[in-house]
Structure formats: C-alpha cells, structure tokens
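Novice: Below: one structure in structure tokens.
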C-alpha cells in the first residue's frame, strides 16, 4: 500500500517541492472517503482543508433560490479540490458533493496556512501552484460563460 | 465519391425516409434517392447542399455511415427559416440534394495512430462518420477517444450511441455539459476540462475537431499544451455558402474556399487565420 | 514566334466587319454612348460606336468629351465589362414545380443567347480579365456551364489603346496597352490629318477568314511603325503605377495596418468597385416562387463581398465592419487570388478608381501600405 508521502510526492501538483516541504505536507495528510451523495464541503463554512481526489467524482454546486441546485463543474481523479483555505476570509464559496463514492487525501489547510506565514518560501511555492489552478479555472469559466452552443439568432 | 451531375447547380431529388428528434431543436433526417438512381456515396467530413422547395438551400454535413449504402443521413438544428423548413419535412416528402462537396477527415493519415475526436454541440454530427469508420476497421487504428461538449444534458446528440461506443474496446467516450442539473451524473465543465482525464501520446495521435470556432480555438490550445503538433490537428471550418463549387465566393476564408479547400483543414493551415478578427 | 499576319483597312471597313459578323451568325456587341457613358450593347452599324468621343477619367470622376477627330475607338473602358455577357448578372439555374407532397425539378436553366457573341473593341486589359475569369470559371475544380456556354465560339475583336485614361495602370499589371493573344483580330486605329485607317492583326484562323471578307491592303513597314508608335504613346502616357513586388506577402502580413482604418473612414461599402471590376465573379443564389407557391425558380445573381450579409453565419456577419470588407476585397484581388488561381485578380483597368464615389484609388492604397509616398495624381483626402 502506498504511503501518504509517496502519493503526495508523486502528484504532479506538488512536483518540484523540496523534500522537507513534501514531508511536511505528508504530515498534514490523511486518507478520507465520501459516500456518493455526501457533501464534502459547504458554502460559507470555514475552509480548513483541501483535497487531492484519488478516485470518484465531485460536483461543485451553487444553490439558487428559484433554480434549485446548479452544478458549475465536476472534478475527478487527480484534481485538487479547494483553495479557499489559502485566501482570506477562508470560507468555502461553493458546495462540493461527492457524486459517486470518492476517495481522497485530505490536507490540513489551517496548519499549512500557519506554516506558510512562518515560512514565506513554502507559502510562495504553494501559492504559485494554486495560482496556476485558478488561472485554468478562470479560463474554463470564461469559456463556459460564452455559451458557445446556444443558438445565436 | 460519386460523380457529379453535369450541372453542379441542379439538385438530385431525394425522398425523406425517416426523421428522428434528437433534441428540442435538432433533428436527424435519412434521405433516399427519389427515383431508382443510385444513392450518392461520400467520405467522412463531406457535406451536401440540401434544397427545400420554395425556401432555399443549406450546406449540411453528412452524418451517416459511409459504408451503409442506400441513404444519406443529416443532423440539422433549426435556427432560422431554412433550417426550420428542412427539419419540418415528413417521410415521403422531397428534398433536393447536391454534392457531396468538400474534402474529408484525415482517416488515411490516422491509420495506426490514436484518433482523438473533440466535438462541441452540433459538431458531433460531422464527426460521427469517422466513429463509424474507425469502429468498422478497428484494427487499422489505435485508441479511439471521443470528447464531446454540449450545452446541457438535454442538448447532447446520439446519447444511446455514445453509450454503445463507450463499450467498444480501446475506446473512451467522455461527454460533458456546460450546465448540469442534479440528475446528470456525468461531467460538468467545458470540453477542455476533459483533457485531464485522458492520457495522450502526442507522437502517435491525430486529433479532429468540430464545433463553434471559439470552442475549437480553446481546444487547439489545450491539444498543443498536451504536446500535439499543428499538422496532426484538424478542424472543420464553416462560412456562408451559396454554391459549394467555388464560384459564389462567399465561403472564402483567407485564401481558402471552404467548399473546395476545406471544410477540413490541418491546424497548420488555419492557425494564423483563427487568430485574425473579421477575416 | 511566327509572324502574325497584318493588313490595313480603311476605317469605314468596320461597317463591313459588323455585317460580316452578323452574316456569320454572331450577335455583335460593343461600345456605344448612352446615359453620358460608353457602355456595351448590340451594334447594328458603325455609327453605333462612340465615333468622335473620348472619356476623361479620374478617381471618382467620368466624363465624355467630343474629340477633334472622328476616331472610332478613341476612349478606353466604361462602367461595364464583358462579364455582362459572359458571366451575366441574372441567370436562372433551374425551376421546380410542386406536385402534391413532392416537387419536380424542371432543369430548364436560362437558355444561352440565340447566337454566339462577337465582342467588338476588347481592350488588352479586358482580354486579360477574360483570361482571369476563364481560369476561375472554366479551369478550376468545377466548370461553370453557363460561362462555358457563352464563352465557347465567341469572336473577339481586340483594340490596342492609343491613349490611356488617367486611371489606367495596365502597364503595372503587365496586361497592356497592347493585346498579344486571346483575340481573333486586333485593331490599331491610326488617325491622321489625311488618313483614317486601321491596322489589323490576325489572331486565329476564324479571324483570317473574317479579314478575307474585308477590303484590305498590305501593311507597309511605315504603317506598322506608326501603329507601334501610337501604342507606345499610350504606354508612355500612363500615369498611375502599382508596385506589385511581393504584393501577396505585403498584404498578408499587414492585416492590422492602420491604413485599413483610414480607408474605412472613406469607403461607403457601396459595392461599385465590384460591379465594375471585370474580374469580380461573386454571385449569390436566390429562391423565387410565384404567388401560388407551386412554382419555384433558383436564380443566380451578382453579389458583392461589400454587402453586410455576404459573410453571414449563425446570427451575425463575420465581416461586419466596412473596414474588414474593404480589406477582404483588396487582399483577395491582389494577394489571395495569386494563391487561388496563379495570377493577380487585377488587370489595371482603373474602373474601380473611376467609379468609386469617394475616389478611393487601389494603387494609392497599396503604396500607403508599403509606406511609400503616393504617385502623381493622388487625391488629397484632407487627413491630418
């Protein structure tokens, strides 16, 4: 069975991180699983963790009063779920629900946050990586907004 | 490819055999030759000019199996007067057919390689003949990967076939939607978000793209970041068409006539044109 | 190169030429004065020609003036070109008749004209334009049967220019002022104080047969020299120039040149240039039905890339700005055409310059994009 450290070290998101930081991350990591239908995180709650999805599918949702629940994106194997733990005020902006049985590595974001404040090099390394994710999400969201498949009359 | 009639501007009469409703505004028609004439053959990627009496003509990609003779299949979205008239045809009514026109998807270049099809919206229709060909001649090709983005689950085409194709060996079919409801258990997100779920081998891959131009631009960027080279990426381009035989001048795209130089182009030929506004 | 047969006729023999062509079953069409312009129409007799007329052309300006002599061909080109006959503006492709749930295609296109045309007074630039349209409509992937039906068997009487208009630039495009090939007969009119004759060069066997029916004499060396000089004078009087060096790459690589914005402020997108241009070939196809809805016809009509709807797809036009449409026209004419058909689409006839209501000059636009100063004859646009 793979150790948490190996899983973290081998994940492309953490590629290039110094050995000591990888160990630190592994020290904050734990295995978690969510049954299909269970909510992993809720809008407005304190963001204290983030997740490395190993298996399954997670739906990012927003609830609108008269439109019900809307899925804005799904994440799957290999994706990172959650970055609000790194950006004040550290609250989740969306709901995340496991669509099917989902297995993930949970990382203690609160602990890492403190470590990042103490060690700005670590902070910079993590922020660089999350900036990349945010940039990708922004691009795909803009593409989504263009609604290219609608019939434009 | 069938030989064209003497006058390329005069259609052949075809009869509507069957009509299927795909989505709220999209229908598939099967046309058969009206008289005992042989049905026109075609290559995947080609299109016909379909004539509706009293209304006009439309360029529509042929969407059926090139090795299933006897009829021509077209998937049409009703967006205006002419398309509405076309999808309103009932079995037994007549439609004029000119063609087939245009070049075809690079099935020859893709032999021995993985075939990656990226379709957006109605763009799956011109790619469906490729899927039929690859599945018929499975041993001639590597993996078949179909990435398909639609607006919502209700707007996806050929849902039963998508499921059947996904069950084929060495075949990955990943549909995704821009907007998903709770009953949708598939992917939600633009079609470029599907690339992280496929492992491409760029040196032995040919990619074929069809969909709105904006979508194809995002996808080519994604394919290049996966390591694919310009000559291995093919796009089906679209412009206004009146004649389909290179005379009316409407379909010009830079120096190319989409009706005769396309509609399928390698990315290397159109990259600089895609970047230009109002060309 | 074999020496072409030449002969000399009195100018009055043109009347005989028209008769001969009629007798041989041709419909003779050529220049005539109408509505203060020289247009193309049926010619019954010599007097139908613009005898003693000349044209004065500049950017955005066209006037007819009386000459001091009685020259038959003392002008150049007007607002019409030979595509009026070869690639007509309105043609029925086929008609269809409703029959219950179905319809029957009657496949009765517009019949070709009853006889073949004899084009009288085709300038060298126009010969080049016909050759350009031949390449597009006959020698590409498909052949246009309408053009083919009208083009085959026509008789061409070319006329070498002995004076240019100010808007001519055939020398820059290598298309004139002398006609070298593609004609059955080529005329050079020689008007002097004591003579009015025409040197005729034979270009084909049919041309030779027609010449044989005219009263003609041997052309002396003096006459041939006089003709050379007359055409040479035209050549030297041409004012406008277009530098075509590397023009294809020049236009391809200047898609965002600020000059396009400059032109866009002047261009009205009126489409005059495409209507008068002898090589423009774009058409559209329209469905026409009768009141009962039982009979429908498909008509092919001239169209222009300057129209808003030319590039319409999916609820909008790709080229919605006038800027993009002018750029499309000019880039197609001078650059893309080379990739598409192996030659420039422009023959230097100058019509687009003359008939542009705001006097946009394609030679000047090319010069501006090159960054060179404009040639003599430039209009001042008052731009700061």
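Novice: Hey, got the average number of other protein chain Cβ atoms within 10 angstrom for residues in B:121-128? Before the final figure, lay out each step's value.
Specialist: Working: counts 4, 2, 1, 0, 0, 0, 0, 0.
Taking all residues of B:121-128 together, the mean is 1.
Novice: Next question. Between B:150, B:180, B:64, where does the largest GNM mean-square fluctuation fall for chain B, given springs only between Cα atoms within less than 10 Å?
Specialist: So, out of B:150, B:180, B:64, the one fluctuating most is B:180.
Novice: Given a 10 angstrom Cα cut-off, can you work out which residue in A:23, A:49, A:118 is the most mobile in a GNM of chain A?
Specialist: A:118
Novice: Mind sorting C:152, C:365 by how few other Cβ atoms lie within 10 Å of their own Cβ, fewest first? Could the numbers behind the result be given before it?
Specialist: Details: C:152 10, C:365 22.
Least crowded to most crowded, the residues run C:152, C:365.
Novice: What is the distance, in nm, between label points placed 7 Å from the Cα along the Cα-to-Cβ direction at residue B:196 and at residue A:118?
Specialist: Going from the residue B:196 label point to the residue A:118 one covers 3.0 nm.
Novice: For a protection proxy built on the mean count of beta-carbon atoms within 10 angstrom, sort A:92-102, C:242-252 highest first, please.
Specialist: Working: A:92-102: 19.4, C:242-252: 16.1.
For the peptides A:92-102, C:242-252, the packing ranking is A:92-102, C:242-252.
Novice: For chain C, set up a GNM with springs between Cα atoms under 10 Å and report which of C:306, C:73, C:217 has the largest fluctuation.
Specialist: C:217
Novice: Now, a different point. Please give the calculated 222 nm ellipticity per residue for the protein assembly as shown, where each DSSP H segment of at least 4 residues contributes -39500 (n - 2.57) and the sum is spread over every residue; nearest 500 deg cm²/dmol? Show your work: numbers first, answer last.
Specialist: On the way: 23 runs with 214 residues, N = 816.
Rounded to the nearest 500, the figure is -7500 deg cm²/dmol.
Novice: To make sure I understand, if each residue's beta carbon is the centre and we count other beta carbons within 10 Å, what order do C:196, A:55, C:87 fall in, fewest to most?
Specialist: Result, fewest neighbours first: A:55, C:196, C:87.
Novice: Can you pull the mean other chain C-beta count within 10 Å for peptide C:90-98?
Specialist: Details: counts 0, 1, 0, 5, 6, 0, 8, 1, 3.
Rounded to a whole number, the mean comes out at 3.
Novice: Then there is this: Taking all pairs of different Cα atoms in segment A:30-143, averaging 1/r and flipping that mean, what Kirkwood radius in angstroms comes out?
Specialist: Values: mean 1/r = 0.0680 Å⁻¹.
Computed over Cα pairs of segment A:30-143, the Kirkwood hydrodynamic radius comes out at 14.7 Å.
Novice: Just to be sure I understand the model, the point goes 7 Å from the Cα along the line to the Cβ. What's the resulting residue C:233 to residue B:68 distance in nm?
Specialist: So the two model labels end up 7.6 nm from each other.
Novice: Could you please rank C:86, A:86, A:145, placing first whichever residue has the fewest other Cβ atoms within 10 Å of its Cβ? Could the numbers behind the result be given before it?
Specialist: Details: C:86 23, A:86 19, A:145 10.
Final ranking by Cβ density, sparse to dense: A:145, A:86, C:86.
Novice: Roughly what would the spin-label model give for residue C:23 and residue A:67, points 7 Å off Cα along C-beta, in nm?
Specialist: Going by the 7 Å Cα→Cβ label model, 8.5 nm.
Novice: Sorted from largest down, give the three principal axis spans of the alpha carbons of the protein assembly as shown, whole angstrom values.
Specialist: Taking max minus min along each principal axis of the Cα atoms, the protein assembly as shown gives 113, 66, 50 Å.
Novice: Right, here's the next one. Within a 10 angstrom radius of each residue's Cβ in A:56-66, how many Cβ atoms of other chains show up on average? Whole number is fine. The partial results should precede the final answer.
Specialist: Working: counts 0, 4, 0, 6, 2, 3, 0, 0, 0, 0, 0.
Shielding by partners across A:56-66 averages 1.
Novice: Let me see the pair-distance distribution of segment B:79-210: every alpha carbon pair, 5 Å bin width, integer percents in order.
Specialist: In order of increasing distance, the bins hold 2, 9, 18, 19, 18, 14, 11, 7, 3, 0 percent.
Since every read-out is calculated from the coordinates, none of them should be taken as a lab result. Everything numeric here is computed off the predicted structure, so don't read it as measured data. Because the Cβ atoms are built from the backbone with ideal geometry, glycine has one as well, and the counts that use them run over all protein chains shown.
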